[in-house]
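The structure appears right after this line, and notes come after that.
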Amino acid sequence: MKNQNSTGESFLPNFCSRDVLVLILIVSELVAVMLTLSTSDTWEEVKTQFVTFTIFILWISLTNLFLLCSLRPFINRFSNLVVSVLTFLVIQLVTAFFTAVFYYLAQLTDIAIEWEANWLLKNILRNVGVSMIATAIALRYWYVLKQWQLNVQAEARSRVVALQARIRPHFLFNSMNSIASLTRSDPEKAEEAVEDLAELFRASLTHEGHLTLADEIELSRTYLRIESLRISERLRIDWQLEKPLPNSRLPALTLQPLVENTIYHGIEKLPEGGTVTIKGKHTQKAYIIEIINPLPADGSYIPHKGNQIALENVRQRLALAFNERALLSTKREDGLFTVKLTIPKQEKE
């Protein structure tokens, strides 16, 4: 296995998480059921064996879970090879230990009356052998899964970079022309526009990869202030955001391209301009944003290829960032084009 990845974490799952605990419990019970069915002939044996196997397997599983959770900060310091060896040894030692514990506890009851003299050695070897195979398979699965996740994250980061690079050249040129026209007539407004433009491009070139929803909204406001210099009174903005804003973090430049689409594929197509409405409301688990712009009254609007590419780009990055919990949908109705963005809230908000 290769060395530790650049994130500073091993390929192992977070054994301290609730999801891993639930998964371990389910797998343990399934193993207990399979062992019970394969070793029992009567209903009485099924009941006895199931309880016995469940207790024994849960001892091993939960102890391993506790130890690997406790050792997580220590383990993460090492390479994947060392992590694999340490994890492998911990699991085998726990398996051997509880096999011995089970044996000596059985001596206190009538369970061990018919056990042969070398039962302990044989079962330690058997249980550890089974555990070694299962552990090797699990380690390999976790390693491959981690590599796949890293590849997905790398692809997502590349899409973020690609989207950040898509600030259209003509937008820059038009913005600079608008600023140039203000330098003599309104120098203060021209200076503000230059600062807004600098802030927009600084955010578009950020290496952090993610911004809070509040930062994304402020970035969109900055963009719209610059565009209003060019489009003037043809562009009207109606902000309807429910407060407080959640602390959710989004891939950088998620909202701005959606707002930009309303200008280039909506307002600019209308001689009289129109109003872009940006709504935000809370639900129990998400914050929903709707971006609405008018369409030509004659129904001649045809979705632009660039519009669809930008929407699909944002949709894919959201899916990767939130594991399909974030949604992006669009609709055309009553002369309006609506983009609906569902952003999951963080658990501790």
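The values are calculated or read from the model by the stated rules, or taken from the named source; none is laboratory data. These numbers come from a predicted model, not from an experiment. All Cβ positions, glycine included, derive from the backbone under ideal geometry; neighbour counts span all protein chains shown.
Only a single item in (1) under 27 Å from Ser232 (Cβ atoms); (2) modelled with pLDDT of 90 or more; (3) not hydroxyl-bearing (Ser, Thr, Tyr) is not met by Ala286, and it is number (1). Of all residues in the stretch 216-232, exactly one satisfies the criterion of being acidic (Asp, Glu), closer than 18 Å to Ile289 by Cα and either touching a strand residue (DSSP E or B) at 6+ places or on another chain (Cβ under 8 Å) or not assigned by TED's automatic domain parsing to the domain that holds Phe322 (or both), namely Glu216. Hey, does the stretch 292-308 have a residue that's surrounded by 18 or more Cβ atoms within 10 Å (Cβ to Cβ), over 32 Å from the mean Cα position of the chain (by Cα) and within 30 Å of Pro187 (Cβ to Cβ)? No, every residue in the stretch 292-308 fails to be surrounded by 18 or more Cβ atoms within 10 Å (Cβ to Cβ), over 32 Å from the mean Cα position of the chain (by Cα) and within 30 Å of Pro187 (Cβ to Cβ). One residue alone among Leu213, Leu235, Leu253 is under 21 Å from Val314 (Cα atoms), outside the structural domain of Ala154 (by TED's automatic domain parsing) and either of a type in the set (S, T, N, Q) or modelled with pLDDT of 85 or more (or both), and that residue is Leu213. Inclusion of Thr63 among residues that are without any contact (Cβ under 8 Å) to a residue 60 or more places away in the chain, closer than 19 Å to Ser131 by Cβ, among the β-branched types (Val, Ile, Thr) and crowded, with 16+ Cβ neighbours inside 10 Å is warranted. On the basis of being surrounded by 17 or more Cβ atoms within 10 Å (Cβ to Cβ), assigned to a helix (DSSP H, G or I), at pLDDT below 80 and not charged (D, E, K, R), does Ala203 make the cut? Here the answer is yes, as Ala203 does meet what is asked.
Residues in the stretch 275-297: is at least one at positive phi and either in the same structural domain as Arg225 (by TED's automatic domain parsing) or not polar (S, T, N, Q) (or both)? The answer is no, given that none of the residues of the stretch 275-297 is at positive phi and either in the same structural domain as Arg225 (by TED's automatic domain parsing) or not polar (S, T, N, Q) (or both). Of the residues making up the stretch 101-116, none is assigned to a loop (DSSP other than H, G, I, E, B), of a type outside the set (A, V, I, L, M), in contact with a helix residue (DSSP H, G or I) (Cβ under 7 Å, 6 or more places away or on another chain) and at pLDDT below 90. Of the helices (runs of 4 or more DSSP H) lying entirely inside the stretch 10-98, those containing at least 1 residues that are at pLDDT below 90 and within 30 Å of Leu121 (Cβ to Cβ) span 18-39, 43-70.
Considering Lys340, Lys305, the condition of being basic (Lys, Arg) and at pLDDT below 80 is satisfied by Lys305 alone. Answer with yes or no whether Phe97 is surrounded by 14 or more Cβ atoms within 10 Å (Cβ to Cβ) and over 27 Å from the mean Cα position of the chain (by Cα). Criteria met by Phe97. Taking only pairs six or more apart or across chains, which ones have beta-carbon atoms under 6 Å, a first residue in the stretch 182-201 that is within 18 Å of Leu219 (Cα to Cα), and a second residue that is aromatic (Phe, Trp, Tyr) and at pLDDT 80 or above? Within 6 Å, the pairs are Leu200/Tyr223. Taking the numbered list (1) charged (D, E, K, R); (2) in contact with a helix residue (DSSP H, G or I) (Cβ under 9 Å, 6 or more places away or on another chain); (3) surrounded by fewer than 17 Cβ atoms within 10 Å (Cβ to Cβ) in turn, Glu216 passes all entries but (3). Tallying residues that are assigned to a strand (DSSP E or B), within 16 Å of the chain's Cα centre (by Cα) and under 24 Å from Lys269 (Cα atoms) within the stretch 309-340 yields 1.
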